[in-house]
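Asker: The structure that follows is given in the form of structure tokens.
The values are calculated or read from the model by the stated rules, or taken from the named source; none is laboratory data. Please read these numbers as outputs of a predicted model, since none were measured by experiment. Methodologically, a virtual Cβ is constructed for each residue, glycine included, from the backbone with ideal geometry; neighbour enumeration extends over all protein chains shown.
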């Protein structure tokens, strides 16, 4: 199987390293060329202009789910014209009392070529299959909810 990697770079920007005196802002580099500014979530003092690990997790799940859905839809002959999603990572305490992403909600909206439609039941079944086959969803177990709009 594949090993897929990123590079993470952080440098202290303050003279002293102690609680409350340093920034968590860092850069994540993909494929040696795409740099993303990352920080803590705003609730934890991060810059809201940067992404945060929780958003990145929601993004990974949303992307994986979409790509799995598209593969299944193509195999079924569904002429998908567009796919949009609004993914939300919910922070809270897990059963052990630790802070975690307790749930990620996906809100996919799929549009087809003119003249093609599927029933709500067929869409729900296809979205469920995409969820079951998505690598990231399988990693996250039961903390994903799909809300079809």
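Asker: Just give me the residues in segment 99-126 being assigned to a strand (DSSP E or B) and over 19 Å from the mean Cα position of the chain (by Cα), in sequence order. Explain how you work it out, then say what you get.
Answerer: In the first step, residues of segment 99-126 are kept if they are assigned to a strand (DSSP E or B); the result is 99-106, 109-112.
Residues satisfying the conditions are 111, 112.
Asker: Out of the residues in segment 127-149 that are in a loop (DSSP other than H, G, I, E, B) and touching a helix residue (DSSP H, G or I) at 6+ places or on another chain (Cβ under 8 Å), which is surrounded by the most Cβ atoms within 10 Å (Cβ to Cβ)? Reasoning before the result, please.
Answerer: Step one: of segment 127-149, the residues in a loop (DSSP other than H, G, I, E, B) are 134, 141-143, 147-149.
Next cut, touching a helix residue (DSSP H, G or I) at 6+ places or on another chain (Cβ under 8 Å) only: 134, 148.
Details: 134: 23, 148: 14.
The residue in question is 134.
Asker: Of the residues 70, 61, 57, which is farther than 30 Å from residue 119 by Cβ, in the same structural domain as residue 134 (by TED's automatic domain parsing) and not in a strand (DSSP E or B)?
Answerer: Working: 70 fails: farther than 30 Å from residue 119 by Cβ; 61 fails: farther than 30 Å from residue 119 by Cβ.
One residue alone meets the criteria, 57.
Asker: Considering (1) under 15 Å from the mean Cα position of the chain (by Cα); (2) farther than 23 Å from residue 146 by Cα, say which one residue 39 fails and leave the rest.
Answerer: Of (1) under 15 Å from the mean Cα position of the chain (by Cα); (2) farther than 23 Å from residue 146 by Cα, only one is false for residue 39: (1).
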